[in-house]
Structures are given as C-alpha cells and as structure tokens.
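Trainee: Can you keep this structure in mind? I'll have questions shortly.
The values are calculated or read from the model by the stated rules, or taken from the named source; none is laboratory data. These figures come from a predicted structure and were not determined experimentally. Every residue, glycine as well, gets a Cβ built from its backbone with ideal geometry; the counts of neighbours run over all protein chains shown. Just so you know, the surface numbers come from the protein's heavy atoms only, side chains and all, with ligands and any DNA or RNA stripped out. Shrake-Rupley method; radii C 1.70, N 1.55, O 1.52, S 1.80 Å.
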Amino acid sequence: FAAFLLYNWKDGRINTGTWVVLAFGDSLDFGSYFEMTDRDLVKNAVPLCFAIGSIVTFLFALWKRRFALPNGLDIFVILLDVVIMFWWLRTDQGTATGANLAYQATGLLAFVPMYWGLIKGIERETPLPWALWTIANAIFLLTHLLGGGGWEEGVYPVVAVVTHAAVLWLALRTQRSLHP
C-alpha cells in the first residue's frame, strides 16, 4: 500500500488505459486467483492489496482529473477483460484457472500503452513505487514457490514481476536520460 500512496502523491497524469485495466483487471485477477488457489489467504495477500490499491488509484485519478480518454488499445483490452469475465462467470466451460491465465494475457496488453509512452518520452513514471511493486510481486512469486501449487498458479506472479520490473527499468532509463 505504501507504493500506492507514493504513486498517488504525485501530481502528474496517469496512463489512462493501463490504470483502467488495472483497476478492473486486478480485481478480476484477485477473484480468479483466490478461487484457483482454493481461497488460500497467504497466496492472495499481494493480489488483494493490488486490487484495492488499483481501484483507489483509479478513483483518485478520476476525482483529480488526472488522465485523458482511453485510446483504441485501451478500449480493446478493457472489452477483452469483460469478455473473459463473462466467459468465466456465465458459462459452464469457464474455470477460475482458465480465466486467470487469460487475464494474464490482458495484463501484459494493459502495460503496452504505458511502455509505449515511456519509450517515446511522452510519459514519465516515478521509479520508487514501481520498485516497491516489483518487490511485492517478487514476494508474491516467492509465496507461490514456497506454498506449492501447479505451474498455472505461478503464471500470475511471474507476469506481475515482469510487467512491473519493465516499468521500473523504463522509468529509470527515462530518469537517467533527463538527468545525464
């Protein structure tokens, strides 16, 4: 939660697409992961914090008017998450494991607008929150490795570490290029 406080403390704009999908997607990730891990509270502590933090970050940004309207990629990823949610909740074929694995693909897509903005230099991110989130996700991965479970349970923490570490790396790269 400290990373979310630090992140929301800044006055800059947030990436609309990434945070809309994270607010919605982190909640879906948590719900499906909670079910697929037989409601193991230890394995789900970090996903629960991310779900709450992402929703609060999105609502805070909405209240402060800190983002622009979503673009085409943003809308595509949001709609894809909705389709997966209905598939999981409303069909006999949907399973929590299948839904969670599908959400990891949309999670990867969710970060594309942020990566693109950082690479192009039209967006900046403060490294410290991303470093804390990367550490939190590494702990999430460690709880999976120590707590057992199939490979399917490990996909979510691996994707979380990779996506957050990539933002951290790009944020540090951007920061260095601004302050040579």
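Trainee: State the Kirkwood hydrodynamic radius of the range 103-180 in Å, one decimal place, computed from all pairs of distinct Cα atoms.
Mentor: 13.3
Trainee: Also, quick follow-up: Over the Cα atoms of the range 1-86, what Rg and Dmax result, in angstrom?
Mentor: 13.8, 40
Trainee: Once the Cβ-Cβ distance between Leu145 and Leu89 is put in as r, and R0 is 22 Å, what FRET efficiency do you end up with, to the nearest 0.05? All intermediate terms of the calculation are to be shown ahead of the outcome.
Mentor: On the way: r = 30 Å, r/R0 = 1.34.
According to the calculation, E is roughly 0.15.
Trainee: Please pull out the direction-averaged projected area of the range 39-141, using the convex hull of its alpha-carbon atoms, in nm² to one decimal place.
Mentor: The orientation-averaged projected area of the Cα hull of the range 39-141 comes to 8.0 nm².
Trainee: Oh, and also: What ranking of Lys10, Lys120 comes out by heavy-atom accessible area, probe 1.4 Å, highest first?
Mentor: Sorted descending by solvent-accessible area, the residues read Lys120, Lys10.
Trainee: How many percent of the accessible area of the range 1-52 is carbon or sulfur, using a 1.4 Å probe?
Mentor: Looking at the range 1-52 in its full context, I get 68 percent from C and S.
Trainee: Quick one: ranking Glu35, Glu125 by accessible area, 1.4 Å probe, largest first, what do you get? Walk me through the numbers before you get to the answer.
Mentor: Details: Glu35 75, Glu125 15 Å².
Final ranking, largest accessible area leading: Glu35, Glu125.
Trainee: Could you state how much accessible area Leu59 has, in square angstrom rounded to the nearest 10, with a 1.4 Å probe and all protein chains kept in place?
Mentor: Accessible area of Leu59: about 100 Å².
Trainee: Just going by the charge dipole of the chain, with Lys and Arg at +1 and Asp and Glu at -1 on Cβ, which of Leu62, Gly121, Leu142 is farthest out on the positive end?
Mentor: Working it through, the farthest residue towards the positive pole turns out to be Gly121.
Trainee: Now a separate question. Per residue, how much accessible surface does the chain expose to a 1.4 Å probe? Answer in Å², no decimals.
Mentor: 53
Trainee: Over what distance in Å are the Cα centres of the range 151-166 and the range 51-125 separated?
Mentor: Cα centroid to Cα centroid, the span is 15 Å.
Trainee: Kindly sort Trp88, Trp19, Trp63 by accessible area of their heavy atoms, largest first, with the probe set to 1.4 Å.
Mentor: Trp63, Trp88, Trp19
Trainee: Can you run the Rg to Rh ratio on the chain? Use alpha carbon positions and the Kirkwood inverse-distance Rh.
Mentor: Rounded to two decimals, Rg over Rh is 0.96.
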